[in-house]
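Trainee: This is the structure I want to talk about, given as C-alpha cells.
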Amino acid sequence: MSEKAHHQLVRAIRASTTLPMCSRKLLSAAAREISISVICKERVNHVTDASSQA
C-alpha cells in the first residue's frame, strides 16, 4: 500500500470519530496491520539489498 493510501486511511479513521466504537477499533486495527506490513516490506527490501551487495 502506498504512503498516500495509508494517509487516506488515517484521515478516514480520524474522520470516523462519529462511528460506533467497534468500527473505530476495526479501522485502527486495520491501520496497524497496514503499517506493520509496510515496515516488514521495507525491512525485507533492506535485507535483500544488503545481501546482494555482499
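Trainee: As an exercise: evaluate residue 1 against (1) assigned to a helix (DSSP H, G or I); (2) modelled with pLDDT under 75 and give the number of the one condition it does not meet.
Mentor: Every listed condition holds for residue 1 apart from (1).
Trainee: If I ask for residues that are aliphatic (A, V, I, L, M) and either surrounded by 12 or more Cβ atoms within 10 Å (Cβ to Cβ) or closer than 16 Å to residue 42 by Cα (or both), which ones from region 1-11 would you list? Give the derivation first.
Mentor: Here is the first cut: in region 1-11, the residues aliphatic (A, V, I, L, M) are 1, 5, 9-10.
Passing the criteria: 1, 9, 10.
Trainee: Pull out all pairs, ordered by first then second residue, where Cβ-Cβ is under 7 Å, the residues are six or more apart or on different chains, the first lies in region 27-54 and is on the phi < 0 side of the Ramachandran plot and assigned to a helix (DSSP H, G or I), and the second is surrounded by 10 or more Cβ atoms within 10 Å (Cβ to Cβ) and of a type in the set (Val, Ile, Thr).
Mentor: So the pair list comes out as 27/13; 28/13; 31/10; 31/13.
The values are calculated or read from the model by the stated rules, or taken from the named source; none is laboratory data. Source: prediction; values computed, not measured. Note: ideal-geometry Cβ built from the backbone for every residue, glycine included; neighbour counts use all protein chains shown.
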